[in-house]
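Worksheet: one structure, shown below.
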Amino acid sequence: MDYTDAVPYLENFTPTSLTEREIASSGSSEIVQETIEKLREDDRQLILVSSAESEMIGSDHERMLAMKYPDVRFFPSNSLGENEWQGRDRALAWLYDNFDDGKEAHVDPESVSIIGPTYGCFNSPSDLAELKRLIAGAGGRIRHVYPFESRIEDIADLKNSGVIVVMYHEFGRKLAEKLDRPVLQAPFGLHETTEFILELGSLVGRRNTATRFLKEEKRTTLEPLWDLWRGPQSEWFPTVRFGVVADTTYAHGLERFLGQELGMQCLFSHDSSSTDNTLLREEIMQKQPQFLFGRMPDKIYLAELDAKTRFIPAGFPGPVVRRALGTPFMGHSGAVFLVQDIVNSLYEILFTFLPINRRQEAASQPAVKITWTGEAKAMLDEIVKKAPFISQISFGRELKRKAEANAARLGKETVTPDILKLSM
């Protein structure tokens with residue numbers, strides 16, 4: 001149950017309860033059989049899926065099912081030994097192996113099926129909507145969105161698709177290869193999206209349609225991107241330092257688009273499924289990115305470190321709900337949304353550090369001239385370098401004022417590193 005969102009219609013999932021009686025004596029077979037008897041209907045296909053709890057007590061119902069319920073399939077989730085992406089990848093391939101009709105494919109060359117969207121995938125509704133838009137624009141016709149918008153019987157029809165689009169790098173590729181159809185990966189950024197549109201158009205026999213769509217995209221969807229890029233804030237982009245901690249699809253996609261295409265500085269990009277969180281926290285503290293695309297744990301690390309980093313949700317678990325269709329990361333719409341989000345955050349950072357005249361601050365200025373030790377000056381320079389570029393002057397001026405005020409309050413005429421630390 002933990003890692004099997006790839007099974008269609010998860011909302012029809014019926015969990016069995018393992019009480020102390022089952023675990024200590026009769027085992028789980030009895031309660032499983034009772035549940036199967038309650039759920040059996042002539043037109044209903046049942047799949048028995050193991051959970052982490054049943055795997056811990058060694059439950060294996062394959063023999064029992066073969067003897068009593070040969071129409072009920074058993075899927076071992078292996079949730080104790082595999083991560084959720086491995087589980088989903090195996091589940092999708094298992095479903096095809098068990099429910100394909102074995103008939104020869106009759107390919108509809110203009111049809112396109114998408115493999116990937118499942119519960120628990122970050123930003124799935126928005127990125128799926130953008131992917132559908134790109135496919136339609138390139139001349140393709142959506143056949144199936146599997147498994148999110150599909151039923152068990154659709155599995156056998158997947159092989160009749162002209163093209164398969166895999167939405168995520170983490171899972172879905174194993175099933176796509178079994179279908180023996182041309183496979184494309186959902187795109188991030190401008191370059192990948194351009195290549196995706198043109199290649200898809202060629203594969204479905206609509207290259208001219210794809211070319212016209214791409215031309216129209218530049219005039220419409222991408223128009224705001226040029227405005228953002230050519231505006232006064234364009235000088236800030238090369239100074240932006242960012243880090244990413246997300247699933248492979250988003251970690252690599254953000255690194256390629258923001259770092260390689262737009263020229264921002266990618267300090268680190270980590271696959272969250274294999275990241276050592278202790279080392280990650282240390283890296284965040286040392287590098288202090290201006291933006292961090294990440295999960296709830298990363299937001300907590302920023303709070304613990306009192307970092308000035310702007311946090312942008314890019315993975316689960318996260319402090320964010322992603323159900324609206326207007327927040328894509330993929331495709332052309334995703335490129336516009338990401339740049340817009342960054343520009344808005346840059347203006348917010350600038351506003352935060354705007355100098356504000358306060359009478360009480362003027363009154364707190366030391367009456368005597370305060371000097372700085374060489375160590376304190378060097379320390380101040382290093383601290384200011386970690387602040388967002390657009391706010392470094394204001395930030396440095398404010399920190400210097402606080403340090404000198406603290407020195408005067410302590411009866412000192414010189415700012416030392418200890419006094420500077422006190423002012424941070």
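The values are calculated or read from the model by the stated rules, or taken from the named source; none is laboratory data. Note that the structure is predicted; figures quoted are calculated from it, not measured. Cβ: placed from backbone, ideal geometry, glycine included. Neighbour counts: every protein chain shown.
Worth a mention:
- Residue check for GLU41: modelled with pLDDT of 75 or more, more than 21 Å from GLU149 (Cβ to Cβ) and not in a strand (DSSP E or B): yes
- Pair list, Cβ < 7 Å and 6+ apart or interchain, from region 99-124 residues that are modelled with pLDDT under 95 to residues that are among the hydroxyl-bearing types (Ser, Thr, Tyr): GLY116/TYR168; PRO117/SER124; CYS121/TYR168; PHE122/TYR250; ASN123/THR327
- Pair list, Cβ under 8 Å, 6 or more apart: region 242-264 residue touching a residue at least 60 places away in the same chain (Cβ under 8 Å) and surrounded by fewer than 19 Cβ atoms within 10 Å (Cβ to Cβ), other residue small (Gly, Ala, Ser) and assigned to a strand (DSSP E or B): HIS252/SER269
- Region 301-335 - residue that is under 21 Å from ALA138 (Cα atoms) and assigned to a helix (DSSP H, G or I) and, of those, nearest to the chain's Cα centre (by Cα): GLY334
- Selection status of LEU228, closer than 25 Å to HIS169 by Cβ and of a type outside the set (Gly, Ala, Ser): no
- Residue match in region 175-197 (condition: assigned to a loop (DSSP other than H, G, I, E, B) and in contact with a Phe, Trp or Tyr (Cβ under 7 Å, 6 or more places away or on another chain)): yes
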